[in-house]
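Data first, discussion second: the structure below is written as structure tokens.
The values are calculated or read from the model by the stated rules, or taken from the named source; none is laboratory data. All values reported here derive from a predicted model rather than from experimental measurement. With ideal geometry, Cβ positions are generated from the backbone for all residues, glycine too; neighbour counts draw on all protein chains shown.
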Amino acid sequence: MSSFLYRSSLKTLQDETEKIHSANLSQLQTHMDEKLGELRRISSEVSSFSTVKIFMSLDPPLTPANEYKKKEIQEYLQQIKLANSFVEEIFIYFRKNDYFLSSDSIYRADGYEQMSVSKFGTGAATIFDFIDGTQYLGYRIIEADSNAENRKIVMVQNIYSYNYSFKDATIIIAMNSNKLLDLLGSYSQMEEFVFITDDQNRTFSAVPATPPYFDYGLFDSLQEPLHVNHEDRSLTIMHTPSSVCDWHYVSVIPSNIYLEKVEYIKNLIYLYIAICLLVGLAGVFYFARRNYKPIKSLASLVNDADSPSDELKALERGLKSLIEERETSETRLWRQTVSLRNAFLYRLLKGRIRFEGVDELPLEEYDIHFPSSQFVVVLIKNEAMPSSFLDGQDKYQDLAYFAVKNIFEELLNEKYTAYGVEIDGMTGCLVSVHIDDEISKRIVEKEIEVIAERGKKVLAERLEIYVSVAISSIYSPANNISYAYSEAIEAIDYNAFIGEHFVVTRYASLPDARFTNYDMIHSLNSDRQILSCIIKEDYDAAKHLMNILFEKEFKEKSLPLQMAKFRMFGLSYSIIGALGEGKTALEKSLINEINPIDRILNALTLSDLREQTGYIFDKIIEFRGALNKETVSVRVDEIEDFIKSHFHENELSVARICDKFNITPSYFSRIFKRHTGMNLPEYLHGIRIEQVKRLLVSTDLTLGEIAEKTGFYNSHTLGRVFRNLEGMAPGQYRKENRIG
């Protein structure tokens, strides 16, 4: 309480003092802005003076009559000075004739430096920089030296010609420094220090230089008075901006002005605090002795102790042991409940629990609460995880399943009641929903789909776990939960079959897999068309029909995988059988080579089946060529010899090799990959990089020269390929393997 009273008193006195100085600073701002506005008015009068206008437009040299009119302008400037005591001098710079005219002097180019030093305390370059840097009107503080009386406040106004393209003249008005210092002094109360500053930290004040603790940039964020410490003194800085230019009027007040006023209060408060401490200590001692006996008795029940400190330690040990045992038992009970709940949910989804309604289920035993008897199953399959989760340690994969389960449970429980469990290598969530009609059913289905998209996005962005999600239909009553799980499994399998990954699929959105008589007749016609194209040796048309078969009949109609395999069995053997009679030995050799039965049976997805079918058809096409006794005129070893002798040519490509040996690009790629295990770029890069390594070790050639000799377009391409194949930069390889 004493501290509060002290701080409150100090704050009140401080605020009142700051209000007084703020009002004083506002008066200074009003007074100074009036003076600056008066300078602008004087400048406008001078620029409007008829003789000044005439001189602005005169071209050099001036006639004697015009020279006489200078006196008229000087007399006019002298009158203005006499009428305005705060004006020290007025200068007019006529650009065309290149001279300054004041009330008592004329300054030409050779006297500019002397004029600037004597009148402004700075060089001519500074004055002309100010003039050139001012578009129309500007104010500036000129810090001549450490002497405050040699600092100047000047105003510059440029006067333009009629088309505003040329500055005809410039008016410079210097204010009387002594008058301004007196003005600042009149607004300085007690130890207060008042000064004027601009955005370049230039100041006008009675002190020698800008205070080291001050910076103009403070005003950008300074809303209340700023308190700083300087040379063991606490200072309060207040400011108010000028309404005429970008200046600030600043007041610096030593904090001891109001601290002295609260010194007496502080001493009284200290006395009050001392009395409160003595009374408090006496009360603590009394109540401690009074309550010690019960504590001692309690400690003796826990453990034998010889000293008071032993008694307290024994009591502490006993309480800690009791808390730890309670936490351990609660944790053990929670884990047991979770384990039993997971086993119950697993059997419920698998359909291994027989019941008629939700009321028959022992839900309370597993801490499960279903608000309705309508359910949806959401099944999440982990498709891809970070490498750290796949390093063979089960704890990381368990962590991934734990993250998936908790994130989906949390998101689904925001709107519904959901429980998750790991099942069949996936995560299943049983969601209790409530629907009244078809409209509410569509709303629930859409909301669960949106939640699934959110969960998939959260796992991907935060944990780099990528999942596919399947959502069953809404089932009621509860004894149909196993059917809902079967639907979710079917949706997951369908996505895997068609090669779709990282998607959210509702079972209701799957295409109809029924196969009508019309579909069967249409499929037979498709098989005949493919067979006819192969017999006619129109292989491109056959491949095109195969692509249509997979896209239109298999993928869009969701043909079951086993039926698609059956179609491929029949089509493959029909083509082999149609290759011609009397070729039994060749047919057997082809079947033994491509083994179509194993290839088609081992296909797990539609993309696998498509890849294996493509391989079988390529082999059949090659076999067709063998039956027609078409011999291959080019051997792969001849192609390799050609590549090895021309690897240094950067124009070497598949097209050039095919033109050389009169073969098609597809045929070349197929036989070259089968023979070498690589495509042309991989094979060519291997040869070139071996030559690069040899040149790096045995020569002093630059990378650019080596690139030119080995067929690379430039050193950048060479470096990229070298790093990909060797795992280091060419320069590092040369350094580590250079002989000698």
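From the list L606, L601, the lone residue that is outside the structural domain of A491 (by TED's automatic domain parsing), within 17 Å of N547 (Cα to Cα), modelled with pLDDT under 75 and among the hydrophobic types (A, V, I, L, M, F, W, C) is L606. Going by what's in this entry, would I295 be described as outside any strand (DSSP E or B), more than 30 Å from D199 (Cβ to Cβ), modelled with pLDDT under 70 and out of contact with any helix residue (DSSP H, G or I) (no Cβ under 6 Å at 6 or more places or on another chain)? Considered against the rule, which asks whether it is outside any strand (DSSP E or B), more than 30 Å from D199 (Cβ to Cβ), modelled with pLDDT under 70 and out of contact with any helix residue (DSSP H, G or I) (no Cβ under 6 Å at 6 or more places or on another chain), I295 comes out as yes. In region 673-736, counting only helices (runs of 4 or more DSSP H) that sit wholly within it, the ones holding 1 or more residues that are closer than 20 Å to I657 by Cα and in contact with a Ser or Thr (Cβ under 9 Å, 6 or more places away or on another chain) span 680-698. Residue pairs whose Cβ atoms lie under 6 Å apart, separated by 6 or more positions or on different chains, with the first residue in region 73-94 and outside the structural domain of I131 (by TED's automatic domain parsing) and the second part of a loop (DSSP other than H, G, I, E, B) and modelled with pLDDT under 85, do not occur.
The criterion of being touching a residue at least 60 places away in the same chain (Cβ under 8 Å) and assigned to a strand (DSSP E or B) holds for G428.
Scanning region 462-487 for residues that are hydroxyl-bearing (S, T, Y), buried (at least 21 other Cβ atoms within 10 Å of the Cβ) and in a loop (DSSP other than H, G, I, E, B) gives a single hit, S472. Here region 123-141 is the region considered, the condition is being in contact (Cβ under 8 Å) with a residue 24 or more places away in the chain and β-branched (V, I, T), and the residue that is farthest from M175 (Cα to Cα) is T134. Looking across region 686-720, the residues that are hydroxyl-bearing (S, T, Y) and in contact (Cβ under 8 Å) with a residue 60 or more places away in the chain come down to T710, Y713. Of the residues in region 84-106, none is part of a helix (DSSP H, G or I) and in contact with a helix residue (DSSP H, G or I) (Cβ under 6 Å, 6 or more places away or on another chain). S255 satisfies every condition listed in (1) at pLDDT below 65; (2) under 25 Å from L28 (Cβ atoms) except (1).
Residue check: is L684 in contact with a His (Cβ under 6 Å, 6 or more places away or on another chain), outside the structural domain of E622 (by TED's automatic domain parsing) and under 30 Å from I621 (Cβ atoms)? Judged against the criteria, L684 is not a match. Tally time: how many residues in region 83-114 are in contact with a strand residue (DSSP E or B) (Cβ under 8 Å, 6 or more places away or on another chain) and within 24 Å of K35 (Cβ to Cβ)? Summing the residues that are in contact with a strand residue (DSSP E or B) (Cβ under 8 Å, 6 or more places away or on another chain) and within 24 Å of K35 (Cβ to Cβ) in region 83-114 gives 12.
The strands (runs of 3 or more DSSP E) found wholly in region 122-240 and carrying at least 1 residues that are modelled with pLDDT of 80 or more, within 30 Å of S103 (Cα to Cα) and of a type outside the set (G, A, S) occupy 137-142, 152-160, 167-175, 193-197. Might you check whether a residue that is touching a residue at least 40 places away in the same chain (Cβ under 8 Å), crowded, with 20+ Cβ neighbours inside 10 Å, closer than 17 Å to T417 by Cα and touching a Ser or Thr at 6+ places or on another chain (Cβ under 7 Å) occurs anywhere in region 433-452? The answer is yes, given that some residue of region 433-452 is touching a residue at least 40 places away in the same chain (Cβ under 8 Å), crowded, with 20+ Cβ neighbours inside 10 Å, closer than 17 Å to T417 by Cα and touching a Ser or Thr at 6+ places or on another chain (Cβ under 7 Å). Checking the stated criteria, F130 turns out not to satisfy the condition of being of a type outside the set (S, T, N, Q), closer than 20 Å to Q74 by Cβ and crowded, with 17+ Cβ neighbours inside 10 Å. Of the candidates Y494, Y485, the single residue that is touching a Ser or Thr at 6+ places or on another chain (Cβ under 8 Å) and more than 26 Å from F344 (Cα to Cα) is Y494.
In the set (1) modelled with pLDDT under 75; (2) of a type in the set (G, A, S); (3) more than 48 Å from the chain's Cα centre (by Cα); (4) surrounded by fewer than 17 Cβ atoms within 10 Å (Cβ to Cβ), S526 fails one condition alone, (4). Residue check: is I80 in contact with a strand residue (DSSP E or B) (Cβ under 7 Å, 6 or more places away or on another chain), assigned to a helix (DSSP H, G or I) and not hydroxyl-bearing (S, T, Y)? Here the answer is yes, as I80 does meet what is asked.
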